[in-house]
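In what follows, a structure is listed as structure tokens, so that the remarks can point back to it.
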């Protein structure tokens, strides 16, 4: 039985961020399992009513695979957040028609390619990754999407296909 002095109160924004982090990190099939993972991750107990209320607010539902996850629209937003974190590490890009070469920190190119394909699959024809270089092939509509994701600073852009100075 939970005694009143054992309850650890966190504010709503902290709880929401903690719930998001736990959902991103773990695949859970039920709310009891979620509560255990939440306690492991954050050292705080969360009751079933709070889980239900927070899941509803964050649009977290059980998917066709049987695990809780964000609904499609929210999942796309979550993936974009992750992508922007990876794309902060882009060292250069080369543009020629619908081909992009993105340089990333060592070991991140495959992850960036997979996440881009997952979120923007309808715009991306394919990706080829090698440790810290990603070749991306897309349709014309991807220019603006990529421009919004890439950091503005420290990115060399070569539109005509020739080397930058």
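Read-outs throughout are calculated quantities, based only on the coordinates presented, and are distinct from any laboratory measurement. For clarity, every value in this text was computed on a predicted model and none was experimentally measured. Because the Cβ atoms are built from the backbone with ideal geometry, glycine has one as well, and the counts that use them run over all protein chains shown.
How do 99, 34 rank when sorted from fewest to most other Cβ atoms within 10 Å of their own Cβ? Mind showing how you got there, number by number?
Details: 99 13, 34 22.
Fewest-to-most Cβ neighbours within 10 Å comes out as 99, 34.
Cβ neighbours within 10 Å, averaged per peptide: list 125-135, 40-50 in order, most packed at the top.
On the way: 125-135: 15.0, 40-50: 13.5.
Final packing ranking: 125-135, 40-50.
For q = 0.10 Å⁻¹, what log10 I(q)/I(0) does the range 10-153 give under the Debye formula with an equal point scatterer on each alpha carbon and no solvent?
-0.44
Going highest first, how would you order 15-28, 59-72 by mean Cβ packing within 10 Å? Show your work: numbers first, answer last.
Values: 15-28: 16.4, 59-72: 14.2.
With the highest mean Cβ count within 10 Å placed first, the list reads 15-28, 59-72.
In Å, the Kirkwood hydrodynamic radius of the range 4-70 over pairs of distinct alpha carbons?
Numbers: mean 1/r = 0.0834 Å⁻¹.
Evaluated over the range 4-70, this radius sits at 12.0 Å.
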